[in-house]
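What follows is a single structure, written as structure tokens, with notes after it.
The values are calculated or read from the model by the stated rules, or taken from the named source; none is laboratory data. Just so it is clear, the structure is predicted and the values come from calculations on it, not from any experiment. Please note: Cβ atoms are built from the backbone with ideal geometry, for glycine as well, and neighbour counts cover all protein chains shown. The area values use the complete protein model at the heavy-atom level, side chains included, leaving out ligands, DNA and RNA. Shrake-Rupley method; radii C 1.70, N 1.55, O 1.52, S 1.80 Å.
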Amino acid sequence: MVDSWHAETYRRFPVVFERGKGAYLYDSSGRVYLDFLSGISVTILGHCDDEVNEAIIRQVENLLHVSNLFYIPSQAALLEELGETLPWKGRVFLTNSGAESIEGALKLVRRYASLTGNGSKKIITFRGGFHGRTYGSLTATAQEKYHEGFEPMLPGFVYVDPEDGEGFERALEGGAAAVLFETIQGEGGVRPLSDEFLSFVCRRAREAGALVVCDDIQAGLGRTGRFYSFEERGIVPDVITLAKGLANGLPLGAFIARDEVFRVLGPGTHGSTFGGNPVSCAAASVVVRRVRDEVFLSRVREVGEYLRNKLEGVRGKSQRIVEVRGRGLMWGIVLDVPGKEVVNRCLERGLIVNCTEEKVIRLLPPLIVTEEQVDEAVSILEDVIGGLNV
Ligand SMILES: *Cc1c(COP(=O)(O)O)cnc(C)c1O
């Protein structure tokens, strides 16, 4: 494939996908691939879902764009659906991406701190987390490798190691506007924060007058078997960010907060030309309605448990695997060698996975994946990992 004008910010695989359906992708030579990455948890209902596509086509035939200065029926329909999933009555600002959702959330918590008299503008995040590539979201991403050469970062951020309670206490000294975390650090190697640490962080943040922001861009939307990943962790954040799978492949994100918090963003304080565009919203209505269904979510938990058992089985047989970790349908296979070769060999065998943090093979299948497809994927992974001659 000739692509000599494209920025070289992505190291690309030598394959061109032309078509997708459900959990499968087809390349330009007609080869089929089982997709256990889903565009990094984007195509959560599978590729080219019929109902999503019909909703998109219907919207495209009526209206592609209208300014956010006007009411937008497909936005309102989506938010009626999304509102039902929230742990409190709140407000939603629709964006085009994860980074924009984080930017919005950062602006919101700082303004809340300004207007409510909690003087501190400090934002606490955790090392190993990932929140995006724009300056605010990049500063929130407490990983050197993403900052290198781009300094100076935004002022007012403090980083703490996950599970370091004392470090968090120190960070809270003098107050803070907010703490921001992923319940499972996705880009950071599929690392779940513990239930104990998450509840400690939320409790201490509240006591210190700081808002709790959960970045559920990767782990949310049914990925862990609950609509929001924090639901099974015994915590309730004040602010939630979403993106990735929200419109099953069209760009859409959101930052969401309790009414009492969101009211600090009045008319004119924030905006987006494309955020919440009618077509993405039409797709997202289908996604949210389907994913929040309890039958759908219990099926994710069931297949997730099946996948977990299979992976534990493979771990028992392979010396290359240090650990398997994750929840629901979000798993990391931690190797004691770089994972790049595993990813390449899986691709040759018709399985799409990726690697984060050098040594972690990450699995993010579509939420509609079946036990048979899990069998297929795990048997390829087992072969490939077993065949590593180190
Ligand atoms: C992907 C991701 C982001 C950034 O989303 P973009 O749409 O790529 O800007 C932010 N937070 C988390 C947890 C993510 O996984």
Quick check on my filter: what residues within the range 233-282 are closer than 18 Å to Gly98 by Cα, surrounded by fewer than 19 Cβ atoms within 10 Å (Cβ to Cβ) and β-branched (Val, Ile, Thr)?
Thr273
Looking at the range 65-74, is at least one residue at negative phi, in a helix (DSSP H, G or I) and modelled with pLDDT of 95 or more?
yes
Answer yes or no as to whether Leu82 is aliphatic (A, V, I, L, M), crowded, with 23+ Cβ neighbours inside 10 Å and within 16 Å of the ligand (Cβ to nearest atom).
no
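So which residues in the range 1-58 are among the aromatic types (Phe, Trp, Tyr), open to solvent by 70 Å² or more (accessible area, probe 1.4 Å) and out of contact with any Leu (no Cβ under 8 Å at 6 or more places or on another chain)?
Once the filter is applied, which keeps residues that are among the aromatic types (Phe, Trp, Tyr), open to solvent by 70 Å² or more (accessible area, probe 1.4 Å) and out of contact with any Leu (no Cβ under 8 Å at 6 or more places or on another chain), the range 1-58 yields Trp5, Tyr10.
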Answer residue from the range 159-189, given it is surrounded by fewer than 17 Cβ atoms within 10 Å (Cβ to Cβ) and under 24 Å from Val324 (Cα atoms) and is farthest from the ligand (Cβ to nearest atom) among those:
Asp164
Being among the small types (Gly, Ala, Ser), more than 12 Å from the ligand (Cβ to nearest atom) and part of a loop (DSSP other than H, G, I, E, B) is the filter here; which residues of the range 190-220 pass it?
Ser194, Ala208, Gly209, Ala210
Among residues of the range 98-146, those that are open to solvent by 40 Å² or more (accessible area, probe 1.4 Å) and either closer than 19 Å to Gln185 by Cβ or within 16 Å of the ligand (Cβ to nearest atom) (or both), counted:
9
Any chance the range 222-240 includes a residue that's in a helix (DSSP H, G or I), in contact with a strand residue (DSSP E or B) (Cβ under 6 Å, 6 or more places away or on another chain) and within 14 Å of the ligand (Cβ to nearest atom)?
yes
